[in-house]
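Visitor: Provided herewith is a single structure, encoded as C-alpha cells, for subsequent inquiry.
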Amino acid sequence: MRNLQRLYYPLLLSLVLIQGTSCTTINISNYYRKNQSTLDSIEETFRAAYAKKPFSIEFTDRPFNRLSLELITDTLTYIYEYNVGEPRMQDTLLRYGYDTSSINSIISDMRSMECTWIDNLDYWTYPDVKKHSLIYISLWPRVFNSPFVNKKYYILTYFQQPQYYDSDGRLLVGRRLRRIRKFNAETFRRITDRVAFTVSDRFR
C-alpha cells in the first residue's frame, strides 16, 4: 500500500499543478471582464497623460508600496524611486511638468489591480509600413499565484484599433499577413478585438 502511495502521489500532485496552471490561464479573461472598468480606466488615463509627457510606472515590491518612475524628457530619461504617497514624488512630477492628478490616479488603480508595470510600446505594421502604439500592462494578482507554481505575470496589451486573430485566438500580424505577431517573443491571445493577453515569466 505504501509503495502505491509513493507511486501515485507525485502523479496526483503533477495533475493538480497542471490543472491549477490551466485554470489560471483561462481565468485571466474572466479577471479582465470582472475588473474591466478599472483596467480600462488605467489604460485611458495613462494613454492621455503619456501623450502629453512620456513616462512609465513600475512597482518594485510585492506589497505594491514602492514604485519606480521613468520620466522621459526631450534630452534625458530620469528614473526615481519612491514610497507611495511620498511628498517628494509630487515635487518631482511638478518640476518636470507632469499631470500629478492623472499619475496619482494611475498609481492608485494599479495598486488596486496589482499591476506591476505600465508603459507605451511602439510597433510597425506591414505592408502599409505604419507606426502604431499600444499600452502594455503587467499584472501580478495574488489570486493567480500558487506556492506550487512558478511566478507568472499576466500581460495585457491595449491596441488603438481592432486586431486580427486566428481561429485559436492568437494575435496576427494583419488581415493579409496571417503570421503570428509577437511582442518580446511572446504570443498574445484575444480577450477583445482591442485587448490581448499573454502569460510570461517576465513583467516587461
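Visitor: Compute the distance in nm between two label points, each set 7 Å from the Cα along the Cα-to-Cβ direction, one at Asn30 and one at Gln160.
Guide: Placing both labels 7 Å along Cα→Cβ, they lie 3.5 nm apart.
Visitor: When we measure straight from the Cα of Lys131, which lysines land under 22 angstrom away, once same-chain ones fewer than 8 places off are left out?
Guide: Lys52, Lys53, Lys182
Visitor: Calculate, for Lys53 and Asp128, the FRET efficiency according to 1/(1 + (r/R0)^6) with r their C-beta to C-beta distance and R0 25 Å; round to the nearest 0.05.
Guide: It comes to 0.30.
Visitor: Taking R0 as 35 Å, what's the FRET efficiency between Arg179 and Arg88 from their Cβ-Cβ distance, rounded to 0.05?
Guide: 0.15
Visitor: Next up: Gain in length, Tyr78 to Ser105, computed as 0.36 nm per residue apart minus the alpha-carbon separation, to one decimal in nm?
Guide: Here the segment from Tyr78 to Ser105 would lengthen by 7.6 nm.
Visitor: If packing is taken as the average number of other Cβ atoms within 10 Å across a peptide's residues, how do 100-108, 80-88 rank, most packed first?
Guide: Top to bottom by mean Cβ count within 10 Å: 100-108, 80-88.
Visitor: If packing is taken as the average count of other Cβ atoms within 10 Å, what order do 47-59, 188-200 fall into, highest mean first?
Guide: 188-200, 47-59
Visitor: Amide H to amide H under 5 Å from Tyr165: which residues, 5+ apart in sequence or cross-chain, H placed 1.01 Å off N in plane?
Guide: Leu172
Visitor: To continue, here is another question. When the Karplus curve 6.51 cos²θ - 1.76 cosθ + 1.60 is applied with θ = phi - 60°, which whole-Hz ³J(HN,Hα) does each residue of region 56-66 get, with x for Gly and Pro?
Guide: Listing the rounded values in order: 9, 10, 9, 8, 9, 9, 5, x, 6, 10, 10 Hz.
Visitor: With θ set to phi - 60°, apply the Karplus curve 6.51 cos²θ - 1.76 cosθ + 1.60 along region 113-119 and write out the HN-Hα couplings as whole Hz, x wherever there is a Gly or Pro.
Guide: 9, 6, 8, 8, 7, 9, 7
Visitor: So, one more: Long-range amide H contacts for Ala196: which residues qualify at under 5 Å (H placed 1.01 Å from N, peptide plane, sequence gap of 5 or more or a different chain)?
Guide: Thr157, Phe159, Ile191
Readers should treat all values here as calculations from the given coordinates under stated rules, not as data from a laboratory. All of these numbers come straight from a predicted model, not from anything done at the bench. Positions of Cβ are backbone-derived with ideal geometry, glycine not excepted, and every protein chain shown enters the neighbour counts.
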